[in-house]
Structures are given as C-alpha cells and as structure tokens.
1. Just to verify a result, which residue in segment 83-140, among those that are of a type in the set (A, V, I, L, M) and in contact with a Gly (Cβ under 7 Å, 6 or more places away or on another chain), is nearest to residue 4 (Cα to Cα)?
2. What's the total number of residues in segment 8-44 that are surrounded by 14 or more Cβ atoms within 10 Å (Cβ to Cβ) and at pLDDT 80 or above?
3. Have a look at 55, 73, 47, 119 and point out the one that is touching a Leu at 6+ places or on another chain (Cβ under 8 Å), loosely packed, with under 12 Cβ neighbours inside 10 Å and at pLDDT 90 or above.
4. If the Cβ limit is 9 Å and pairs must be 6+ apart or interchain, which residue in segment 117-140 that is at positive phi pairs with which residue that is at pLDDT 95 or above?
5. If you scan segment 102-125, which residues turn out to be under 19 Å from residue 52 (Cα atoms) and more than 12 Å from the chain's Cα centre (by Cα)?
6. Collect the residues in segment 12-25 that are of a type outside the set (A, V, I, L, M) and either under 20 Å from the mean Cα position of the chain (by Cα) or assigned to a strand (DSSP E or B) (or both), keeping them in residue-number order.
Amino acid sequence: MLALADLSPAQPAASYGRALEMASDMSYRVGAYVAKQEADRAIAGYAYDPNRHFALVIPQPQPADPLATVGAADVAALLDKLAPDLGPAPPGRYVWHAPAYDPIQRRDVFRLVGTAYDAGQPRMVFVSTLPAGLLRERLA
C-alpha cells in the first residue's frame, strides 16, 4: 500500500493523522488478504478523502511513483485521472461503475465504490477495482 498526500501550509502533515492511522490499520488487513490470494489474481484499488488531497493506492504500484506514471503534479491531479467521475457513494450503499482505463494498472477495470461516513459526512471513498478482462474470461 502506498499513501500519498498533498502537503501545504493549509494542510500540514499533522492534518492527515487520522487518515494515516486508518492506512496503518488497513495495511495489516489488506496485506494479509493479498498474501492469501492466488498469485495471478489481481487485488487492487484505492481510497481517498473527499477533498482529494490524500490517497491510498493498493497494492503499492510498480513503478512506485504513480504521480510520475500518470503525469500528475499532486494527489488531486492523480485522482482526476484515476477517478474523474467517482464521488462518494450514498451512505450504506455501494455503486458499480462501467469499465474505465486505470493508468496505474494499465488496463480497463470495473470500479466498485463505497464510502465511510462519520457524523453524516463522507470521510473516505473506497474504490475496489476488478479487471474487465477477468470478467470477460469468466463469462466466455
């Protein structure tokens, strides 16, 4: 897992403390889950805060700098390329999105979006990706 954040005087590193704690907790769960999967099965996705200045990329991409890979200057620009049409899902619901090209995975993926809410406000958007080719193979 790779955590990315846009740092500025208005958003210093300390402002991402809660998101980084969640990322640390998630890394244990996601790491264990990925380790138990078949080697050829893709487990991937990302999570981001609704203000689009903090993101997690799961698993850590290769090459390791997704900003350079997609030509993005910051996390907000990266998310504009990864998830231009994805907003928070309604509370308690998941939303499937049609296949779109994922520039980090370099393939078309279906995206399943869910959102964590706190006191009625969206706090983190989770996007699980499923390679479109995998579904085509299984349906053939």
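The values are calculated or read from the model by the stated rules, or taken from the named source; none is laboratory data. Bear in mind the structure is a predicted one, so any value in this text is a computation, not a measurement. Positions of Cβ are generated from backbone atoms using ideal geometry, with glycine treated the same way; all protein chains shown enter the neighbour counts.
1. So the residue we want is 127.
2. The total comes to 8.
3. The unique qualifying residue is 73.
4. Going by the 9 Å Cβ cut-off, the qualifying pairs are 120/91.
5. Within segment 102-125, 103, 116, 117, 118, 120, 121, 122, 123 meet the criteria.
6. Hits for segment 12-25 are 15, 16, 17, 18, 21, 24, 25.
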